[in-house]
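Colleague: This is the structure I have questions about; it appears just below.
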Amino acid sequence: MSETIYQGLAGVNVDRTQISHIDGLKGELIYRGYDIRELANKASFEEVTYLLWNDDLPTQEQLSAFSESLKPHYKLPAEIIEVLRLMPKDTHPMHAVRTAVSMLGAVDADAEGVDLDNIHRIGLSLTAKFPSFVAAFERIRNGLEPVNPDPELNIAGNFLYMLTGEKPTEAATNVMDVALVLHAEHGSNASTFVARAVASTLTDGYSAITAACGSLKGPLHGGANAAVMGALEKIGSVDKVEDYVMNILNSPGGRVMGFGHRVYRVLDPRAIILKEVSHNLAEESGDSKWFEMSLEMERVMDREMAKKGKQVKPNVDFFSASVYRMLGFPTDMYTPIFAVARISGWMAHLYEQYADNKLMRPRMVYEGPVGRSFKALADR
Ligand code: CMC
């Protein structure tokens, strides 16, 4: 009897969630009922993190209390700085991110508890510390001393401050904040699923987030933003975009990075917002090269995919590449920046998973040999 195989778990509902929902046909994304387009324009990353971890948006009083509860966690324990100094300077920064989370688990005397109070404490600590260790590694690998966090700044502003050592402008902080809100949560994506699968064994929260970091790094997931920038750098100018894209599409299994999605069949709403941000930054900076190359890539892909009758549109990683470039981030930092945002969504999912857990243990259809007779080693 043939059994159905859902390769890549495509189309499989593994659980229920109240955190977010994607309508891939309409191109809509909601966080607990609120449209991402509205949240991106009106809510801060702290507000959105509160929303993801609770039932609704905070009141002013709740938001102030929540923001204050993050601040004591901004500073990194000395062991984390030490471990970041030990990392090879040319390693992929996602190795540093994954290692820092693992080390934070090792130095937390209460790492093991999976009761919701403890997971909430770990969530506050990790959400506050992700910007700190991403920025610290960036400075250390460039031969600079890490900058201590400034408790007066929000997560977005503090991240920029700890990277450069200079107080960021309001405009730069706002763009960073929008990027964090857009990347905070996205349903059962690969890294969130990994986090929930690891948590489903009732191991500790740090182990789940360490695994999620490893999953986010892949070029089919959070690594795509760096791959998009790598492609734009390699192409070099607008007139060479068409040849580049056609070469990929004409090679077997070729994938143009930053396009396509498992769920969206129309344009990802986050890509629409980031496209506008990228356009604005290009106009303000006078450096429109990256935006124009991106537009040309979108045009060629639209034309070619229409010919094949496929719905393959830019995803969130596509325009975030040019945005991060114009904000001055090095290319290999793009995925760590994604992680700075996604920690809030990962933690929201850990709360749900630990609150109503069922071990994740799917099956596989065995297609190997059966009934073989064992031969002693000397007879093989
Ligand atoms: N370039 C060219 N063709 C594509 C692409 C692409 N980027 N994405 C999908 N297609 C085509 C593909 O050729 C396939 O055609 P056919 O059915 O004839 O073989 C069809 O669309 C379906 O593609 P798939 O790869 O089977 O679909 P999937 O749901 O398994 O993959 C994906 C989704 C995101 C892995 C894929 O679109 C991809 O590899 N994109 C490039 C990497 C990327 O940008 N990843 C970021 C994903 S979104 C945000 C995030 O998670 O970070």
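Colleague: Compute the distance from the alpha-carbon center of the stretch 327-378 to that of the stretch 253-304, in whole Å.
Modeller: Going from one Cα centre to the other spans 28 Å.
Colleague: Then there is this: About the Cα centre, and with charges only on the beta carbon of Lys, Arg (+1) and Asp, Glu (-1), how big is the dipole of the chain? Nearest 20 debye, please.
Modeller: Value, rounded to 20: 1600 debye.
Colleague: A further question follows. By the scheme Lys and Arg +1, Asp and Glu -1, what is the net charge of all other residues having a beta-carbon under 12 Å from that of LEU249?
Modeller: Net of charged neighbours comes to +2.
Colleague: Here is a further query. Note down the magnitude of the dipole of the stretch 171-246 about its Cα centre, charges +1 on Lys and Arg C-beta and -1 on Asp and Glu C-beta and zero elsewhere, to the nearest 20 debye.
Modeller: It works out to roughly 240 debye.
Colleague: Counting only Cα atoms, I'd like the Rg/Rh figure for the stretch 203-259, Kirkwood definition for Rh.
Modeller: 1.19
Colleague: Going by how many other beta carbons lie within 10 Å of each one, how would you line up LEU9, LEU267, LEU84, fewest first?
Modeller: Going from sparsest to densest Cβ surroundings: LEU9, LEU267, LEU84.
Colleague: Roughly what would the spin-label model give for ALA78 and HIS95, points 7 Å off Cα along C-beta, in nm?
Modeller: It is 2.7 nm.
Colleague: Can you pull out the chymotrypsin sites (Phe, Trp or Tyr not before Pro) in the stretch 1-66 that DSSP calls coil and that have at most 13 other Cβ atoms within 10 Å?
Modeller: Those satisfying the criteria are TYR6.
Colleague: Evaluate the Kirkwood expression for the hydrodynamic radius of the stretch 224-326, namely the inverse of the mean inverse distance over all pairs of different C-alpha atoms, and round to one decimal in Å.
Modeller: Radius from the Kirkwood sum: 13.6 Å.
Colleague: Here's something else I'd like to know. Do any trypsin sites (Lys or Arg not before Pro) in the stretch 62-94 lie in a DSSP loop with no more than 15 other beta carbon atoms within 10 Å, and if so, which?
Modeller: Here the trypsin sites (Lys or Arg not before Pro) that fit, given the DSSP loop and packing criteria, are LYS75, LYS89.
Colleague: Toward the positive end of the charge dipole of the chain, about the Cα centre and with charges on Cβ (Lys, Arg +1; Asp, Glu -1), which of HIS279, TRP290, PHE133 goes farthest?
Modeller: Checked the options; the winner is TRP290.
Colleague: Per 10 Å bin, what percent of the C-alpha pairs of the chain does each bin hold, from zero upward?
Modeller: Each 10 Å bin holds this share of Cα pairs: 5, 23, 32, 24, 11, 4, 1, 0.
Colleague: From the backbone phi of the stretch 72-84, what are the Karplus-calculated ³J(HN,Hα) couplings (6.51 cos²θ - 1.76 cosθ + 1.60, θ = phi - 60°) in whole Hz, Gly and Pro given as x?
Modeller: x, 9, 4, 6, 8, x, 4, 4, 5, 4, 4, 5, 5
Colleague: 222 nm [θ] for the chain, helices only, -39500 (n - 2.57) per DSSP H run of 4+, per residue, to 500?
Modeller: -18000 deg cm²/dmol
Colleague: If R0 is 25 Å, what FRET efficiency do you get for ASN41 and GLU352 from their C-beta distance, rounded to 0.05?
Modeller: Using R0 = 25 Å, I get an efficiency of 0.40.
Colleague: For the stretch 224-326, give the magnitude of the charge dipole about the Cα centre (Cβ charges: +1 Lys/Arg, -1 Asp/Glu; no others), in debye to the nearest 20.
Modeller: Taking the Cα centre of the stretch 224-326 as origin, the dipole is about 620 debye.
Colleague: For the stretch 148-161, what does the Karplus curve 6.51 cos²θ - 1.76 cosθ + 1.60, with θ = phi - 60°, yield as ³J(HN,Hα) per residue in whole Hz, taken in order and with x for Gly and Pro?
Modeller: With coefficients 6.51, -1.76 and 1.60, one gets 5, x, 10, x, 7, 9, 7, 4, 4, x, 5, 4, 5, 5 Hz.
Values quoted throughout were computed directly from the atomic coordinates according to the rules given, and no laboratory measurement underlies them. Keep in mind that this is a model prediction, so the values were computed, not measured. As a convention, Cβ positions derive from the backbone with ideal geometry for all residues, glycine included, and neighbour counts pool all protein chains shown.
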